[in-house]
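Everything on this sheet refers to the single structure shown next.
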Amino acid sequence: MKNFFSIITLLLLIHCTKQENISLRKFEIEKVEFTYPSDWKLTETEGIDSYFSYLSKDGDTIYIEFGMYNPKIYKSPLQDNLFRQVTIDGTESIIEIPKTKYGNFASIYIPTIDSAGGFYMFNKNGNIEDFLRIYQTLKLNKSRRKKPLIIDLKEFKNKNAPPGIVFYEHNCLDCHSEYHYEIGPALDRKFIRSKGRLWFEKYLYSIKQPKEIPISCTQIDEKDSLMVKEMIHYLF
Ligand code: HEC
């Protein structure tokens with residue numbers, strides 16, 4: 001019995017010293033920063049036009065990508081996860097989490113921070129609460145915000161009624177590119193801004209008559225106005 005208690009005491013001691021040794025480290029790449037506990041190990045690599053690194057701990061890995069590549073990750077089929085659009089220091093982002101809390105993937109995607117491109121961070125497996133705690137410390141554009149981001153798990157939406165950015169990449173970029181004319185005109189910033197918010201919103205709800213080609217632009221149902229608002233927030 002005595003032995004048993006000494007082992008427990010020993011374990012507790014090891015555990016406590018281990019806890020005390022964990023401090024917070026700051027990660028910074030251009031306009032993005034966050035803090036992470038020091039028991040995660042950071043490995044950095046640098047590509048030609050993008051940055052790539054990862055944090056690892058106990059078999060879980062968090063991948064971090066930043067740069068011009070702008071992958072438009074929601075153009076591809078959506079996984080059966082939950083999504084939420086969150087504004088971080090004035091910039092729109094998407095958090096994606098699985099329907100179960102453990103052993104699964106969770107990500108944060110910021111398609112456009114500035115002309116330098118976007119940011120994408122996702123973990124491979126493990127406890128998504130650990131991951132979200134790190135994500136909550138994200139700050140953009142040298143923000144001095146002290147408070148962590150609020151992530152309300154109740155407000156996440158499934159892939160059938162996704163938030164604006166997810167809907168936009170998934171449904172609009174089939175026919176439009178942001179760079180050149182495809183089936184429809186290029187949805188670049190200059191073109192979008194030249195239309196104005198009000199016109200743009202009205203256009204999305206309107207019935208379209210095909211002109212030269214037998215394909216016409218999507219009409220969005222007015223009941224999806226929240227999604228449209230999020231999309232416009234992002235595009236403008
Ligand atoms: C099935 C293909 C298709 C999809 C999907 C699509 N569009 Fe279009 N879009 C077009 C075509 C074709 C045009 C050219 C005008 C027309 O014939 O309707 C167009 C035109 C536009 C225009 C310019 C209208 C003008 O009068 O200058 C905007 C803005 C636009 N689309 C935005 C969007 C957005 C935002 C989405 C996603 C919700 C979207 N489109 C999805 C095919 C598409």
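The values are calculated or read from the model by the stated rules, or taken from the named source; none is laboratory data. Since the model is a prediction, treat every value here as computed from it, not as a measurement. So basically every Cβ, Gly included, is an ideal-geometry build from the backbone, and we count neighbours across all protein chains shown. In case anyone asks, the SASA skips ligands and DNA or RNA and just uses the protein heavy atoms, side chains included. Shrake-Rupley method; radii C 1.70, N 1.55, O 1.52, S 1.80 Å.
For a bin width of 5 Å, list the pair-distance distribution of the stretch 19-158 built from all Cα-Cα distances, rounded to whole %. With a bin width of 5 Å, the distribution comes to 2, 9, 20, 24, 23, 16, 6, 1, 0.
Computed over protein heavy atoms with a 1.4 Å probe, the carbon and sulfur contribution to the accessible area of the chain reaches 56%.
Across the stretch 130-143, computed HN-Hα scalar couplings (Karplus, 6.51 cos²θ - 1.76 cosθ + 1.60, θ = phi - 60°) run 4, 5, 5, 4, 5, 4, 4, 8, 4, 9, 10, 6, 6, 4 Hz from first to last residue, x flagging Gly and Pro. For the chain, the residue among Met68, Thr43, Leu140 whose Cα projects farthest onto the positive side of the dipole built from Cβ charges is Leu140. With a Cα cut-off of under 27 Å and a minimum spacing of 8 residues unless on different chains, the lysine pairs in the stretch 20-116 number 15.
Note that the chain, at 37 °C in a medium of 0.692 mPa s, gets a Stokes-Einstein diffusion coefficient of 164 µm²/s from its Kirkwood radius over C-alpha pairs. Candidate cross-link partners of Lys202 among the aspartates and glutamates, defined by an alpha-carbon separation under 12 Å and a same-chain spacing of 8 or more, comprise Asp221, Glu222.
For the stretch 19-158, the per residue solvent-accessible surface stands at 52 Å², with DNA, RNA and ligands left out and a 1.4 Å probe. Glu30 sits among other residues whose Cβ lies under 15 Å from its own Cβ, and their net charge, with Lys and Arg +1 and Asp and Glu -1, is -4.
Quick one: net charge around Asn81, please, counting Lys, Arg +1 and Asp, Glu -1 for every other residue with C-beta under 13 Å from its C-beta.
Net charge in that neighbourhood comes out at +3.
For Asn125, the residues 5 or more places off, or on other chains, whose built amide H falls under 5 Å of its own are Thr61. Surface analysis of the stretch 175-236 yields an accessible area of 72 Å² per residue, using protein heavy atoms and a 1.4 Å probe. Judged by the mean number of other Cβ atoms found within 10 Å, the most tightly packed of the peptides 182-195, 200-213, 81-94 leads the ranking 81-94, 182-195, 200-213.
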